[in-house]
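Read through the structure below, which is laid out as structure tokens, and then see the notes.
The values are calculated or read from the model by the stated rules, or taken from the named source; none is laboratory data. Treat the numbers as computed from the prediction; the structure is a model and nothing was measured. So basically every Cβ, Gly included, is an ideal-geometry build from the backbone, and we count neighbours across all protein chains shown.
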């Protein structure tokens, strides 16, 4: 079953009857994708139940407006709808909702109180803002980017003096934020963290993976990736991979609603050959170019979007001609950046060939 089917089957089963498990942890890690816009409390003193938050959220948003979101956000909104009246989830508290988004940054987080002594901190992945995608690219040469700095501050602000245990998790970029924030938060917070989940999140540089900060939390860190992972193969995540089966093909395997469970546990399989091709290709690509070249790559590639005044992926979906204009401007790229783009495209082509070959063989 996938997380949706888990909710439908066990949504009215209490945590006493069926303890907190892999499916729950993935679900909570996805709820930070929802832009609550006031429906969820911004501080702990005003905490509301999931049922209350969901009722306010769906009363404040039309079905048409909710459709105008990228796939990851639409999927998480669907999950919120599914759990709002389920016995297992409806009375859990949500609070400390934070969203920061402008032309230079994108960050979101929320707390889910499983019990008064166990809090799940959920960090959002990249949403439709181009600035968020630019931050992802900056991780190759810069630390910390603004979202990582916000994540560290979030943990320190809310948990330095709170008596509880903490699970930290997030999908995609949110997984990277979970790992980084757990590594760099103060010792008062770090000692309260019992588990860290990166759901198909990009990793760290080799220097950070080899650092004492990573070694301190390594035994609490779980990097969960679909068997055909691409995003989770970016950078390095140590040796903590949990590879699970997904029913989605190719790059769509990144969307966690299709990941599979055996009852409530991740359905473990081996990493596909196509993902190994991506991992090896990306590591070679990263090692081939300097930080200075990655900075130039990021600046020039994202300047193409800025020339078209594009701030959101939704604008591209609504006006596909923007992509044509962006493509026309690629001839202005520095030769080094052109080579980097070509190398990256070659890696993705190799991934696609392996993925299609695998599908054909099956």
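So here's what we get for this one:
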quantity	calculated
Filter pass, residue 170 being assigned to a strand (DSSP E or B), touching a strand residue (DSSP E or B) at 6+ places or on another chain (Cβ under 9 Å) and crowded, with 20+ Cβ neighbours inside 10 Å	yes
Only one of 273, 190 that is surrounded by fewer than 19 Cβ atoms within 10 Å (Cβ to Cβ) and either in contact with a helix residue (DSSP H, G or I) (Cβ under 7 Å, 6 or more places away or on another chain) or closer than 30 Å to residue 116 by Cβ (or both)	273
Hey, residue 122 buried (at least 22 other Cβ atoms within 10 Å of the Cβ), modelled with pLDDT of 95 or more and in a helix (DSSP H, G or I) or not	no
Failed item, numbered, when residue 309 is tested on (1) in a helix (DSSP H, G or I); (2) touching a helix residue (DSSP H, G or I) at 6+ places or on another chain (Cβ under 9 Å); (3) loosely packed, with under 15 Cβ neighbours inside 10 Å	(1)
Test set (1) over 14 Å from the mean Cα position of the chain (by Cα); (2) buried (at least 20 other Cβ atoms within 10 Å of the Cβ); (3) not in a strand (DSSP E or B) - residue 157 fails condition number	(2)
Check on residue 303, in contact with a strand residue (DSSP E or B) (Cβ under 9 Å, 6 or more places away or on another chain) and surrounded by 12 or more Cβ atoms within 10 Å (Cβ to Cβ)	no
In segment 66-98, the residues that are modelled with pLDDT under 95 and crowded, with 19+ Cβ neighbours inside 10 Å	69, 72, 73, 75
Entirely in segment 1-116, the helices (runs of 4 or more DSSP H) that have 1 or more residues that are closer than 24 Å to residue 133 by Cβ and touching a residue at least 40 places away in the same chain (Cβ under 8 Å)	22-30, 71-83
Test result for residue 351, within 22 Å of residue 208 (Cα to Cα) and surrounded by 19 or more Cβ atoms within 10 Å (Cβ to Cβ)	no
Scope segment 222-247; condition closer than 21 Å to residue 32 by Cβ and in contact with a helix residue (DSSP H, G or I) (Cβ under 6 Å, 6 or more places away or on another chain); matching residues	225, 226, 229, 231, 234, 246
